[in-house]
Amino acid sequence: MKQEKTIEDYRRDIKLLKLKYIKLQEEKVKLEDTVKRMALQQGNRGPAGADENIIADLDKDFLKGDQSPSKNSANYMSYDKNVMREFSQRCKLNLGMSPESLFRAADVEGTGQITDQQFKSFLQQSRLGINTQYIQRIVQLSDINCTGIIKKQSYYECLAAFQVNQEVNNNTSDNRTFVQKSLIKFAQNLIDKKTSPHDCFSAMDSSGANIINYDDLNSYVAKYCKNMNDTECIGAFNYLDIDKEQRIGRDMFVVEVKKYMRVVAKEKSVNIDDFIDSKSNLPPRPAGPSSSNKGQSSQKGGNSSAGPNSLVEIDFGTNSVPIQVNKISDQDIKDVVNKLTQTYKIDIKELLSHIILNCKHPNSGIFVSDFFSAFEKLKIGRKIPNEVKMKFFKCMDSGNNGSIDYEEMIQFYVERKDPSSPMSFIYTIVARIFRSIQIRTTEALSFLSIQPDAQLDQKSFVVVADKIFSVQRPKLQEIVFKELTNGLGVLSAEKLIFEIDKEIDFFESHDGDLQSSRLNKSSNSISKMGGKKSFANLKNSVLQRQESAGSKGSNKKLPSLNRINTKALSYVETDINEYEKIMSQVYPKFDQKKDFFEKITRNDEGEVEYTYWQTILNDELPTLKKALEIVKNLKPGEMWNDPEFGPTESDPYGSKSMYFSDNDIPTGCPPPENVEWLRIGEQLERHLENNPEDNTDDHSDEAHFLLSGASSNDVKQSSYLGDCWFVSALSIIAQNDAYLVGSYDPSAKNVSQEQVLIQMSEGIYPPMFHFLKQYGVFIFKFYKNFEWRYVIIDDKLPCLDGKIIYSHCSSYNEFWVSLIEKAYAKIHNCYQALTSGDIGQGLSDLTGQVSMKMRFDSIKTTLQQIEGGDFDKSGIMINGVKYDCSDEASYKKVYDKIVQERDNLWNALSLFDNQGSLMGCSADGGTESAITYNDEKAGIYSGHAYSVIDIFQIDYSQEEKKNHDSNHRQYHRLLCLRNPWGFGEWLLKWSETEEEGKLSRYEKAISDYFDKKIEVAKSKGLDPPDKYQPGTDDGMFLICYKDWRTIFSNLFICFKFDPSVWIGYEIEDKWSKGFCSGSVKKGEPSITNFAQKNPQFVFQLKKAQREPVKAFINLVQDDGRLYIGAKYPYENIQQSLLLCLFVLENGKTKLEKFDQKIMIASSGKFNLRREVDFGKLIDVEPGKTYCIVPCTMKGEVEGEEFRDIDFSINFYFSNCPDQDMEFKKVNGPGPLVKQKVSVQAVDPLLAANSEKIKNFIVNSVNKMMNDF
């Protein structure tokens, strides 16, 4: 009777079919290579005949770019990696969630498994933005056993195998990663079969090229490692593929696999010495081309443990050339060290510190992967060739074991260290040894019969140098002793104990307790890592004494929240009751409508309803009164809890402060019930408990609003909230502390009382409110709906696992970013309301200054595009003017105009920057989609906001000057930008990743420019600008002007108008019944209604003004973001706006109809933005009459109820006295409502009563300033 197949039999069959498919692919590629070589022998492209047809047939299935795998198996693995990497990134960027949480969202039943069709359907319906082929491949890779069922654990392992997992499983005592476990299982299989890494590699390397790809490994695993599945095979391959080139060289394979075989052998107490270095006498294989383009190479002598004259071939990927490396000689070591220190400016001590601090398995020594990872911690490490890194590895691997012991590191450091580097660094290395074998220095010395009170001279130090520091050579022992004693001739055992134990304590806090179970299980494995078997044996004898002592000697310093709050309570000595009494006299009672900010909602019928916030106010004096009432009602030592934002009795999780509703939580964002709202002191305490290494001094446990001034690099955007526009605005204003906290200086002399009051009102966080910090009360002001609004919040922030969910500062004990973002979220009802916007609006809200949006599409057109006819045949629009480009004669004229406009834009950028205007930019395209430039990844994302940090020029080098005509400009034009993510930088010319590029040649000139700018700022008493620091992955980068204007499309400028030069006016009005025409259409009635049925304002510069003046004008409407539940761009709330400016002729006093001939500026097409402008400054000539008309796209509809729509128009004029400018309202109901605009206005009531409350404000703030 025929036996039925089991499920496992079917799985094995499917796996074998996969292998057969891959082999067929390889045969196809080989055939293709053969045919192409035949074609090339007959000519460059071959005759038009059968060969070309065969090639075309072979190629046609692979002409889909990234939509399908490439032709060879190495690229097939590359395709899978790209798919999984793109999937993981899209989960984070598009959905704000991890790929793990995406699976949990798809698993609606919570069973831990879903069908492949369910998962595919879920991915297609999500907003990932990836194509169908990618989705199909993700599903296939997730269902590794081809059962049609995707289990959560298998899916998680698939993510980990491709190293794209974003969540770490901390619920296990083994902190090895999945890929490491996969390689351990592979090593276990080799041990079971008594196969050496050399023989294993030779069995896989069928071509004899000393390189294998994934298919080679997969075939071997399928045949000999029956207990490994495909996911584990992928994981092992990706771990060994250090350079991520989808292939592994023999040397790398042998080094890493041998190391893991030793780890397994020691954990299992198995002897592998008799076969681990075995090399079977296999017949030599001819080297030659392979299907993977492996190139020609030969193996002469084996691996690094071969004889002294052997050669080792090392290969790290398709972009590197296989090299031959002799066994490292003393001169080689000197050359490598000099290259690292002199050419690449590497600090050897810093590099070694990274290595020992970040090695994956401290008790198993240092692997090649640990070594390469340490280089990645250094930005310059990317520029160092892999062969140099590998040579350096071999410099320290003096035993040719394929790994580095800590003793080898000590010997290397002592022999090769720079004279300026401290010898005391060897204490750190020894501490890593002692930490790994779990002994303290006292026990180690007692094993050598040295007591803690002993005094060691040079003779008695020899045993310490030999047994503890692993330094055997007498000359080196003498040098170590001399440097450690500073030439005094005596080294106390007490100092040794103190210095080494101090480092052990650090490693204990860094490693945590996750290592302990593995250390206990693998005490026999210490001899390799810890070096001396005597210490490995000693470890067993001292463990019981350690346990009985009940302590490992760690002395952690944790913060005291009570101490922080108690200290704060001492700042204000004057009785709050007395202050409140004074305030009651100055401001007796509140006016609900006047003092409190409106809260706007819509009912079920869509009607607008207004209530009032009780903790958001419209003026600083009632805000101060409200704050004093809050403080007065607190019990002694009590901190205030905001009743309107965050957790409340009716909303215990604060869900309404996070999301529009419980049914509208963005995918991947944390459920409110999982969120803790922690005070800044509590969050800091939690952070230091989890990261004790940050507890470095007596002040590290103190929570600060601002620490040592603000910086652009302080700002880090959250992955849970798409408010890059606002975070970028924060990053921009961080360059000047005055925008944040004003310019009040209590030590300043000869300052008038009025000026003091002005300074106390300045900034997002005005100094007059600083004293309230001690009660957990913070007050921030934002410019919303044409006025300053004052937002009162407490200091509780939403946290997940003790970490702040939303935007935060890069310093763990600084909180200005999180608190300002919270207040801004509050005035818009919840954090989710901050999703999407533009930088200009953020800057305006934070500063009260007007912003302008400039587009520069027209200057992107190149001469080649014009000559090639790649443009709008009706003409090219440049700066609002259409130029004819219908024949060759006009080509140069138009292109010269484009070049001129490019120069004009650069000059404008420089002018804005010099005037202190704030700027940001963005590129057109999908939301946060990666941009390619000349078929290369640019590192820039469309639909994403970038801060403009600086604009400057660098003179050409002498060499470049020779290559350019003297009539050509003699300098580079550069912009310094910043990504609010705090990472993700420009990758091409002038980038930090460009090898031997512009940046490396001009690095000193750029550094000198910033140093000079900082020096000038300090000499003027101004905040020094942020300095660009190459080599730090902080999101800040340089880009040349040409590339910037090509890639970016939008510039947002927030003007800083100097009050000594500019004068400002604001007109407030409304579109009302009978005066809202709607868009202009063809036909006389429409163009007449535009003029007759919209408000009109006329202004004139009197003739006394001899020269034209520059003017900036914009139109602003109410902010749709203030409506609860409204989503950007608020098409159901905000109006699409148009602003037009006309010059009236022949003595006319108003506009009679829309006339494009006399229209000198407009905001372009109707735009749904909150504010629109002309995109440029305009010239206003004396004696001429100008008429400005605001218009909405949707006008009054007959028979429908019409609600008034408020707006304001802002005017700024340069060098124009107030008496020379005249305004009139010539159309629409109601009088002209015009007021002068000043950013230095003082509250009239505050000024009138300044004598009564001056002491209250000044004294309170002065007491806070020292801490602040």
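The values are calculated or read from the model by the stated rules, or taken from the named source; none is laboratory data. Model, not experiment: these values are computed from the prediction. When we count neighbours, we look across all protein chains shown, and the Cβ atoms used for this are built from the backbone with ideal geometry, even at glycine.
If you check Leu721 against the conditions, is it of a type outside the set (Asp, Glu) and assigned to a helix (DSSP H, G or I)? It is false that Leu721 is of a type outside the set (Asp, Glu) and assigned to a helix (DSSP H, G or I).
Per the conditions (1) touching a helix residue (DSSP H, G or I) at 6+ places or on another chain (Cβ under 6 Å); (2) within 22 Å of Phe1112 (Cβ to Cβ), the sole criterion not satisfied by Leu1168 is (1). In the condition set (1) surrounded by fewer than 23 Cβ atoms within 10 Å (Cβ to Cβ); (2) in contact with a Ser or Thr (Cβ under 6 Å, 6 or more places away or on another chain), Val817 is compliant with all but (1). If only residues of the range 191-224 that are on the phi > 0 side of the Ramachandran plot and at pLDDT below 90 are counted, the one that is farthest from the chain's Cα centre (by Cα) is Gly208.
For Gly837, the criteria (1) over 26 Å from Asn695 (Cβ atoms); (2) in contact with a strand residue (DSSP E or B) (Cβ under 8 Å, 6 or more places away or on another chain) hold in every case but one, which is (2). Residues of the range 140-150 that are outside any loop (DSSP other than H, G, I, E, B) and surrounded by fewer than 19 Cβ atoms within 10 Å (Cβ to Cβ): Gln140, Ile149. Output the number of residues of the range 772-786 satisfying the condition of being part of a helix (DSSP H, G or I) and either hydrophobic (A, V, I, L, M, F, W, C) or touching a Lys or Arg at 6+ places or on another chain (Cβ under 8 Å) (or both). Looking only at that region, the number is 1. When the range 1116-1160 is filtered for residues that are in a strand (DSSP E or B) and either buried (at least 21 other Cβ atoms within 10 Å of the Cβ) or of a type in the set (S, T, N, Q) (or both), the ones remaining, listed by number, are Val1116, Gln1117, Tyr1123, Leu1137, Leu1138, Leu1139, Cys1140, Phe1142.
Let me confirm something: among Gln180, Gln188, which residue is outside the structural domain of Arg85 (by TED's automatic domain parsing), at negative phi, at pLDDT 90 or above and surrounded by 19 or more Cβ atoms within 10 Å (Cβ to Cβ)?
Result: Gln188 is the single residue among Gln180, Gln188 that is outside the structural domain of Arg85 (by TED's automatic domain parsing), at negative phi, at pLDDT 90 or above and surrounded by 19 or more Cβ atoms within 10 Å (Cβ to Cβ).
Residue check: is Phe1037 at pLDDT 90 or above, closer than 30 Å to Asp924 by Cα, surrounded by 16 or more Cβ atoms within 10 Å (Cβ to Cβ) and not small (Gly, Ala, Ser)? Yes, satisfied.
Contact map, the range 1208-1220: residues that are under 18 Å from Leu1177 (Cα atoms) paired with residues that are of a type in the set (Gly, Ala, Ser) and assigned to a strand (DSSP E or B), Cβ distance under 6 Å, separation 6+ or inter-chain. Pairs shown: Tyr1212/Gly1064; Phe1213/Ala1111. Taking the criterion of being polar (S, T, N, Q), under 18 Å from Pro1024 (Cα atoms) and at pLDDT below 85, would at least one residue in the range 740-750 satisfy it? Yes - at least one qualifying residue is present in the range 740-750.
Residue by residue, here is whether (1) surrounded by fewer than 24 Cβ atoms within 10 Å (Cβ to Cβ); (2) over 22 Å from the mean Cα position of the chain (by Cα); (3) not in a loop (DSSP other than H, G, I, E, B) holds:
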{"position": "Ala748", "(1), (2), (3)": "yes, yes, no"}
{"position": "His770", "(1), (2), (3)": "no, yes, yes"}
{"position": "Trp788", "(1), (2), (3)": "yes, yes, yes"}
{"position": "Ser811", "(1), (2), (3)": "yes, no, no"}
{"position": "Lys822", "(1), (2), (3)": "no, no, yes"}
{"position": "Leu843", "(1), (2), (3)": "no, no, yes"}
{"position": "Leu846", "(1), (2), (3)": "no, yes, yes"}
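Within the range 993-1013, track down each residue that is under 30 Å from Ser807 (Cα atoms) and in contact with a Phe, Trp or Tyr (Cβ under 7 Å, 6 or more places away or on another chain). Across the range 993-1013, the qualifying residue is only Phe1010. Inside the range 1046-1062, residues that are surrounded by 22 or more Cβ atoms within 10 Å (Cβ to Cβ) and in contact with a helix residue (DSSP H, G or I) (Cβ under 7 Å, 6 or more places away or on another chain) make up a count of 3.
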